[in-house]
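Trainee: The structure under discussion is supplied below as structure tokens; questions concerning it will follow.
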Amino acid sequence: MIAFIIQRVFQGAAVVLAMSLIVFVGVYAIGDPVEILINPDADQQTREAVRQSLGLDKPLWMQYLYFVKSALHGDLGTSFVFNIPAIQLILQRLPATLELALTATVLAILLGIPLGLVSGLNDKRWYSRMIMAGSILGFSLPTFWVGLILILVFGVWLGWLPVYGRGDTVRFLGVEWSIFTLDGLRHIILPAFNLALFKIALFIRLTRAGVMEVVNQDYIRFANAMGIRKARLLWRHILKNIMIPIVTVIGIEFGSVVAFAVVTESIFNWPGMGKLIIESINHLDRPVIVAYLMVIVVMFVIINLLVDLLYAGLDPRVRLGSSNR
Amino acid sequence: MNAMPPPQPVLEVERLSTVFDLRAGTVQSVNDVSFSLKRGEILGIVGESGSGKSVTGLSVLGLIEPPGRIAAGSIRLEGRELTTLGDAEKRKLRGNAISMIFQDPMTTLNPVLSIGRQFFEVINAHRKVSYAAALDEAEAALVQVGIPAARERLSSYPHELSGGMRQRVCIAMSLINKPAVVIADEPTTALDVTIQAQILNMMQNLVRDSDVSLIWVTHDLSVVAGLCDRVAVMYAGRIVETGPVEEVLGNPRHPYTRGLLDSIPGDAEPGRRLQQVPGTQPSPLDLPQGCSFRPRCSQARDECKNELTSDQVGPDYFVRCLFKLGGD
């Protein structure tokens, strides 16, 4: 177990290193930030001075080595635009995105898995067909369009829910959270639902497919022949068998919501990382882009490790170890 | 002259018909099947795949699900009619008064629950017990089916046990709530011959000790010969011959039973062609008129197209054939 975790940490470090190189080169390729940062009327001398002060006059490989060296000391660079450490900028925005992603994921689990169970157990009933039809909508409607419709219906026509920003926040563990205030909760409902919609559809399909496969297994027929109650059969005998693919997808989906909530955050003006990264790309604020992507890579590595650990807890046949990786 | 009154049978199945309503038509999987089972008796149900033997077992357990249904007949367990019970009452009986052992032990246990947990589930479905008390009970049951280090096995998972072990676990589980009737659906077919012999031997002891009645569904006549008290031979959904094992297997009256017995390679001279019953079972959607075995029967005559009845030819001995080979 310990050996497994250590091994995974090294694997993760290798992934982070490879990603940093790709990201660095990629960001270098998309343009010269100096052109955007300074007044277009500035003369060549000023440009050179700015370029030098930002370290952009050095060759790429030197810039990269310098970045790696500082990164190892916990310094991911300083934002060109705000002139504060990039990592600080990101961590300021992280809670907003985190709570949005968490709410959306929980919503997706609470709605998607039960609906999937219901439609998998009674797959010929009319309500199962309805659920499946709904999940097709969830898959195929574009997020931005659903977001706009949600704003139109619940914000403009009905006026039930706020559609802009985070609302009241409260300080907890040194950062501002809105899920711990009533007003904040009212603010998070629409963007979280918007983000969750695709995931609900995904979990419905995944759960349904799992249930339909497991229900016909001999051990479920045996449990049934032993008189196990229906509810018990479902929650303990069936659900535990289909959790592995679901946990995997929950992990991946949570990560991708944190990383790519851009559209929803823009539409609902949610001050999270997604908005930050869009602005940074517009300004070619390289250190922020690079630092952001590094944070995301590390997050995915951690999520994958947690998912693997959960596997071992869910399925006794899974052995964590180095044997045949 | 005071003869003992015959003991009340534990299970009485009378004129049971189980059908499946498929798009292609209605399939008569079990057709007018009657048998009864005394306490401590072992009844073998023999037949080819698709003869309706498994469906008979599932019908008794109340596990026939749509598109299948019990179309007619009655099933009485200790005098209580089962076919009219609701789902909740049927559940209370399953695993409790009637229980079942499945064919393939490799797939019958839940792979993600420990053996102890699965015992607890089966006990707890019918009696309020603490987890610890359930484990004690399970341990005793595992000892009874000859599993060494029973306590440790309770924390094992199915994949850590061999096939024979798993089948012993399944048997212990099906017996844990002291059922009156156990239906075993080819429980040794998937096992090695040596393990099979051990399990059969063990089952005989268990039946003798616990007075449970057993229905052993199989296609293997040699198992029936060694294990059962009575046998029912099924063909195309019907019982064609039923009686005491020695009589039925020693002197079969129905041409199909005779054919089955002749098909056992054991008695054949080495190098000679093996006997077989010519042809295949009729499609259940298109059963021949009269005797369903008629198209494959060497004795068949025109009268066989008429409706047949099951005729008594001895005590507890019935044959559904016009000719009734052997005997008188």
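Trainee: For the range A:247-258, state whether one or more residues are touching a helix residue (DSSP H, G or I) at 6+ places or on another chain (Cβ under 9 Å), β-branched (Val, Ile, Thr) and without any contact (Cβ under 8 Å) to a residue 24 or more places away in the chain. Reasoning before the result, please.
Mentor: We begin by selecting, within the range A:247-258, every residue touching a helix residue (DSSP H, G or I) at 6+ places or on another chain (Cβ under 9 Å); these are A:247-258.
Narrowing the set further to residues that are β-branched (Val, Ile, Thr) leaves A:247-250, A:252, A:257-258.
Filter again for without any contact (Cβ under 8 Å) to a residue 24 or more places away in the chain, leaving none.
No, because not a single residue in the range A:247-258 is touching a helix residue (DSSP H, G or I) at 6+ places or on another chain (Cβ under 9 Å), β-branched (Val, Ile, Thr) and without any contact (Cβ under 8 Å) to a residue 24 or more places away in the chain.
Trainee: Okay, moving on. For A:Ala104, only one of the following conditions fails: (1) out of contact with any Phe, Trp or Tyr (no Cβ under 7 Å at 6 or more places or on another chain); (2) among the aliphatic types (A, V, I, L, M); (3) touching a residue at least 12 places away in the same chain (Cβ under 8 Å); (4) surrounded by fewer than 16 Cβ atoms within 10 Å (Cβ to Cβ). What is its number?
Mentor: Failing condition for A:Ala104: (4).
Trainee: Something else about it: Give me the residue from the range B:1-28 that is of a type outside the set (A, V, I, L, M, F, W, C) and modelled with pLDDT of 90 or more and, out of that set, farthest from B:Ser99 (Cα to Cα).
Mentor: Initial filter on the range B:1-28 (of a type outside the set (A, V, I, L, M, F, W, C)): B:2, B:5-9, B:12, B:14-15, B:17-18, B:21, B:23, B:25-26, B:28.
Applying the additional criterion that residues be modelled with pLDDT of 90 or more yields B:12, B:14-15, B:17-18, B:21.
Numbers: B:Glu12: 16, B:Glu14: 20, B:Arg15: 22, B:Ser17: 21, B:Thr18: 19, B:Asp21: 26 Å.
Going through the qualifying residues, I end up with B:Asp21.
Trainee: As an exercise: evaluate B:Ser213 against (1) surrounded by fewer than 18 Cβ atoms within 10 Å (Cβ to Cβ); (2) closer than 21 Å to B:Lys90 by Cα; (3) not acidic (Asp, Glu) and give the number of the one condition it does not meet.
Mentor: Every condition holds for B:Ser213 apart from (1).
Trainee: Among the residues of the range B:118-148, how many are within 13 Å of chain A (Cβ to nearest Cβ) and in contact (Cβ under 8 Å) with a residue 40 or more places away in the chain?
Mentor: Summing the residues that are within 13 Å of chain A (Cβ to nearest Cβ) and in contact (Cβ under 8 Å) with a residue 40 or more places away in the chain in the range B:118-148 gives 6.
Trainee: Right, something else. Taking the criterion of being of a type outside the set (A, V, I, L, M), in contact (Cβ under 8 Å) with a residue 60 or more places away in the chain and away from chain B (no Cβ under 14 Å), would at least one residue in the range A:150-158 satisfy it? Break it down into steps so the answer makes sense when it comes.
Mentor: Kept after step one, since they are of a type outside the set (A, V, I, L, M), are these residues of the range A:150-158: A:154-155, A:157.
Now drop any that are not in contact (Cβ under 8 Å) with a residue 60 or more places away in the chain, which leaves none.
No, the range A:150-158 has no match at all.
Trainee: I've got another one for you. Give me the pairs, please: first residue somewhere in the range B:312-325 and more than 20 Å from B:Ile45 (Cβ to Cβ), second residue anywhere and outside any strand (DSSP E or B), beta-carbon distance under 6 Å, and either six or more positions apart or on two chains.
Mentor: Matching pairs, first to second residue: B:Leu322/B:Glu303; B:Phe323/B:Gln299; B:Lys324/B:Arg253; B:Leu325/B:Arg253.
Trainee: Among the residues that make up the range A:158-171, is at least one of them at pLDDT 85 or above and not aromatic (Phe, Trp, Tyr)? Talk me through it step by step, then tell me what you get.
Mentor: At the first step, the residues of the range A:158-171 found to be at pLDDT 85 or above are A:158.
Right, trim to not aromatic (Phe, Trp, Tyr) and you get A:158.
Yes, that holds for at least one residue.
Trainee: Can you name the condition, by its number, that B:Glu81 falls short on among (1) surrounded by 14 or more Cβ atoms within 10 Å (Cβ to Cβ); (2) under 20 Å from the mean Cα position of the chain (by Cα)?
Mentor: Result: B:Glu81 fails condition (1) only.
Okay, residues lined up against (1) away from chain A (no Cβ under 13 Å); (2) at pLDDT 90 or above; (3) in contact with a Ser or Thr (Cβ under 6 Å, 6 or more places away or on another chain); (4) not in a helix (DSSP H, G or I):
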| residue | (1), (2), (3), (4) |
| --- | --- |
| B:Ser49 | yes, no, no, yes |
| B:Val55 | yes, yes, yes, no |
| B:Ser59 | no, yes, yes, no |
| B:Arg69 | yes, yes, no, yes |
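Trainee: Which residues, taken from the range A:273-311, are within 12 Å of the chain's Cα centre (by Cα) and over 21 Å from A:Ala18 (Cα atoms)?
Mentor: Hits for the range A:273-311 are A:Met273, A:Gly274.
Trainee: While we're here: I'd like the residue in the range A:184-223 that is more than 7 Å from every other protein chain (Cβ to nearest Cβ) and among the aromatic types (Phe, Trp, Tyr) and, out of all such residues, is nearest to B:Val122 (Cα to Cα).
Mentor: So, considering only residues that are more than 7 Å from every other protein chain (Cβ to nearest Cβ) and among the aromatic types (Phe, Trp, Tyr), the one nearest to B:Val122 (Cα to Cα) is A:Phe203.
Trainee: Is one or more of the residues making up the range B:88-101 of a type in the set (S, T, N, Q), under 30 Å from B:Glu152 (Cα atoms) and in contact (Cβ under 8 Å) with a residue 24 or more places away in the chain? Talk me through it step by step, then tell me what you get.
Mentor: Initial filter on the range B:88-101 (of a type in the set (S, T, N, Q)): B:96, B:99.
So of that shortlist, the ones also under 30 Å from B:Glu152 (Cα atoms) come out as B:96, B:99.
Remaining after also requiring in contact (Cβ under 8 Å) with a residue 24 or more places away in the chain: B:96, B:99.
Looking through the range B:88-101, at least one residue is of a type in the set (S, T, N, Q), under 30 Å from B:Glu152 (Cα atoms) and in contact (Cβ under 8 Å) with a residue 24 or more places away in the chain.
Trainee: Moving on. Within the range A:143-163, can one find any residue that is of a type in the set (Gly, Ala, Ser) and at positive phi? Working first, answer last.
Mentor: Residues of the range A:143-163 that are of a type in the set (Gly, Ala, Ser), as a first pass: A:147, A:155, A:159.
Narrowing the set further to residues that are at positive phi leaves A:159.
Checked the range A:143-163: at least one residue is of a type in the set (Gly, Ala, Ser) and at positive phi.
Trainee: Determine, yes or no, whether B:Asp229 is under 30 Å from B:Cys291 (Cβ atoms) and touching a Leu at 6+ places or on another chain (Cβ under 9 Å).
Mentor: Details: under 30 Å from B:Cys291 (Cβ atoms): yes; touching a Leu at 6+ places or on another chain (Cβ under 9 Å): yes.
Judged against the criteria, B:Asp229 is a match.
Trainee: I'm checking my understanding of the structure. Among residues of the range B:90-103 that are assigned to a loop (DSSP other than H, G, I, E, B) and among the small types (Gly, Ala, Ser), which one is nearest to the other protein chains (Cβ to nearest Cβ)?
Mentor: First, pick out the residues of the range B:90-103 that are assigned to a loop (DSSP other than H, G, I, E, B): B:95-97, B:102-103.
Subsequent filtering for residues that are among the small types (Gly, Ala, Ser) retains B:95, B:97.
Working: B:Gly95: 3, B:Ala97: 9 Å.
Checked the range B:90-103; the qualifying residue nearest to the other protein chains (Cβ to nearest Cβ) is B:Gly95.
Trainee: If you check B:Thr218, B:Thr194, which single one turns out to be free of Cβ contacts under 8 Å to residues at least 60 places away in the same chain and either crowded, with 23+ Cβ neighbours inside 10 Å or not small (Gly, Ala, Ser) (or both)?
Mentor: Numbers: B:Thr218 fails: free of Cβ contacts under 8 Å to residues at least 60 places away in the same chain.
On inspection, the qualifying residue turns out to be B:Thr194.
Trainee: Can you pull out the residues in the range B:152-166 that are surrounded by fewer than 14 Cβ atoms within 10 Å (Cβ to Cβ) and more than 14 Å from chain A (Cβ to nearest Cβ)? Give the steps one after another, and end with the answer.
Mentor: At the first step, the residues of the range B:152-166 found to be surrounded by fewer than 14 Cβ atoms within 10 Å (Cβ to Cβ) are B:152, B:155, B:159, B:162.
Of everything in the range B:152-166, those that are surrounded by fewer than 14 Cβ atoms within 10 Å (Cβ to Cβ) and more than 14 Å from chain A (Cβ to nearest Cβ) turn out to be B:Glu152, B:Ser162.
Trainee: Sort through B:Gly73, B:Gly44 and tell me the only one that's on the phi > 0 side of the Ramachandran plot and not basic (Lys, Arg). Even if it seems obvious, please write down each step before you answer.
Mentor: On the way: B:Gly44 fails: on the phi > 0 side of the Ramachandran plot.
Just one listed residue meets the conditions, B:Gly73.
Trainee: From the set of residues in the range B:104-125 that are outside any helix (DSSP H, G or I) and surrounded by fewer than 20 Cβ atoms within 10 Å (Cβ to Cβ), which is modelled with the lowest pLDDT?
Mentor: Taking the range B:104-125 first, the residues outside any helix (DSSP H, G or I) are B:104, B:109-114, B:125.
Those left that are additionally surrounded by fewer than 20 Cβ atoms within 10 Å (Cβ to Cβ): B:104, B:111, B:114.
Values: B:Asp104: 89, B:Pro111: 92, B:Ser114: 93.
Per the criteria, the residue is B:Asp104.
Trainee: Would you kindly identify the helices (runs of 4 or more DSSP H) lying entirely within the range A:224-306 that contain at least 2 residues that are within 14 Å of chain B (Cβ to nearest Cβ) and either buried (at least 19 other Cβ atoms within 10 Å of the Cβ) or of a type outside the set (Val, Ile, Thr) (or both)?
Mentor: Numbers: elements: A:239-260, A:262-267, A:273-282.
Those helices (runs of 4 or more DSSP H) span A:239-260.
Trainee: Sort through A:Ile87, A:Ile36 and tell me the only one that's in contact (Cβ under 8 Å) with a residue 60 or more places away in the chain and either surrounded by fewer than 14 Cβ atoms within 10 Å (Cβ to Cβ) or closer than 30 Å to A:Thr169 by Cβ (or both).
Mentor: On the way: A:Ile36 fails: either surrounded by fewer than 14 Cβ atoms within 10 Å (Cβ to Cβ) or closer than 30 Å to A:Thr169 by Cβ (or both).
Result: A:Ile87 is the single residue among A:Ile87, A:Ile36 that is in contact (Cβ under 8 Å) with a residue 60 or more places away in the chain and either surrounded by fewer than 14 Cβ atoms within 10 Å (Cβ to Cβ) or closer than 30 Å to A:Thr169 by Cβ (or both).
Trainee: Does at least one position in the range B:178-195 carry a residue that is in a helix (DSSP H, G or I), touching a Ser or Thr at 6+ places or on another chain (Cβ under 9 Å) and at the interface with chain A (Cβ under 9 Å from one of its Cβ atoms)? It would help to see each step written out before you state the result.
Mentor: Taking the range B:178-195 as the starting set, the residues that turn out to be in a helix (DSSP H, G or I) are B:193-195.
Among the residues that remain, those that are also touching a Ser or Thr at 6+ places or on another chain (Cβ under 9 Å) are: B:195.
Next cut, at the interface with chain A (Cβ under 9 Å from one of its Cβ atoms) only: none.
Scanning the range B:178-195 turns up no residue that is in a helix (DSSP H, G or I), touching a Ser or Thr at 6+ places or on another chain (Cβ under 9 Å) and at the interface with chain A (Cβ under 9 Å from one of its Cβ atoms).
The values are calculated or read from the model by the stated rules, or taken from the named source; none is laboratory data. Here the structure is a predicted model, which means the values were calculated and not measured. Cβ coordinates were reconstructed from backbone atoms using ideal geometry, including for glycine residues, and neighbour counts include every protein chain displayed.
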